[in-house]
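The values are calculated or read from the model by the stated rules, or taken from the named source; none is laboratory data. Keep in mind that what you see is a predicted model, and the values were worked out from it rather than measured. Don't worry about glycine lacking a Cβ; one is built from the backbone with ideal geometry, like all the others, and counts go over all protein chains shown. Ligands, DNA and RNA are stripped out before the accessible areas are found, and what is left, the full protein with its side chains, is counted by its heavy atoms. Shrake-Rupley method; radii C 1.70, N 1.55, O 1.52, S 1.80 Å.
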Amino acid sequence: MKEFLFVYRNDYKAAPRPSAEEGQAIMKNWIDWMEAIAEKGKLSDRGNPLGSEGKVIRANNIITNGPYTEIKELIGGYTLVKADSIDEAAELAKGCPILEVGGNVEVREIAAM
């Protein structure tokens, strides 16, 4: 079985700003979706949401602030799953709650070094 990375992206400016109650309902959808993957024995790591601050390190050790909110899509988090193929991993991603709010899931195979 192979491992795949789900990268969650959303339009930074169009992302919903839920109330506390709506935020709890959204989080429950995420937990339910990940538990369904785990019940199939396909969840490697629940991953985590990513914070809004960061640094970008470039050649010659140049460090700048990032990520840049002027970009359209912002990476919001990740999950690791197990699947026999990228097609199977993509099927698992179809139920992701981010799709309900206009976001997307990038599915990438973890390649061996």
Item to check | Accessible area in the full protein assembly, largest first, 1.4 Å probe, for ARG46, ARG108, ARG9 | outcome: ARG108, ARG46, ARG9
Checklist entry - With every protein chain present, what is the per residue accessible area of the chain (1.4 Å probe, Å²)? => result 69 Å²
Checklist entry - Considering only protein heavy atoms, what is the solvent-accessible area of THR64 at a probe of 1.4 Å, reported in Å² to the nearest 10? => result 50 Å²
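Please identify the chymotrypsin sites (Phe, Trp or Tyr not before Pro) of the stretch 16-113 that satisfy two criteria: DSSP loop assignment and at most 11 other Cβ atoms within 10 Å. Which are they? Each step should come with its number before you reach the end.
On the way: sites: TRP30, TRP33, TYR68, TYR78; in loops: TYR68.
Qualifying residues, ordered by number: TYR68.
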Checklist outcome for this item: Under 5 Å from the placed amide H of LEU50, counting only residues 5+ away or on other chains, we find GLY77
Checklist outcome for this item: XL table LYS40/LYS94; LYS28/LYS55; LYS42/LYS94; LYS2/LYS40; LYS28/LYS94; LYS72/LYS94; Cα-Cα > 19 Å flagged, in table order, is LYS28/LYS55; LYS72/LYS94
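Assuming R0 = 25 Å, what is the FRET efficiency of MET113 and ASN61, from their Cβ-Cβ distance, to the nearest 0.05? Mind showing how you got there, number by number?
Details: r = 24 Å, r/R0 = 0.94.
It comes to 0.60.
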Checklist outcome for this item: Taking the chain and counting helices only, DSSP H stretches of n ≥ 4 at -39,500 (n - 2.57) each over all residues, the nearest-500 ellipticity at 222 nm comes to -8000 deg cm²/dmol
Next on the checklist: Check which residues have an amide H placed less than 5 Å from ILE110's amide H, if you skip close sequence neighbours.
Outcome noted: GLU3, PHE4, LEU5
Checklist entry - Spin-label point model (7 Å from Cα, Cβ direction): what's the LEU50 to SER85 distance in nm? => result 3.0 nm
Checklist outcome for this item: Carbon and sulfur atoms account, in whole percent of the 1.4 Å probe accessible area of the chain, for 54 percent
Checklist outcome for this item: Between (i) 1.17; (ii) 1.30; (iii) 0.99, the structure-derived Cα Rg over 2.2 N^0.38 Å is (i)
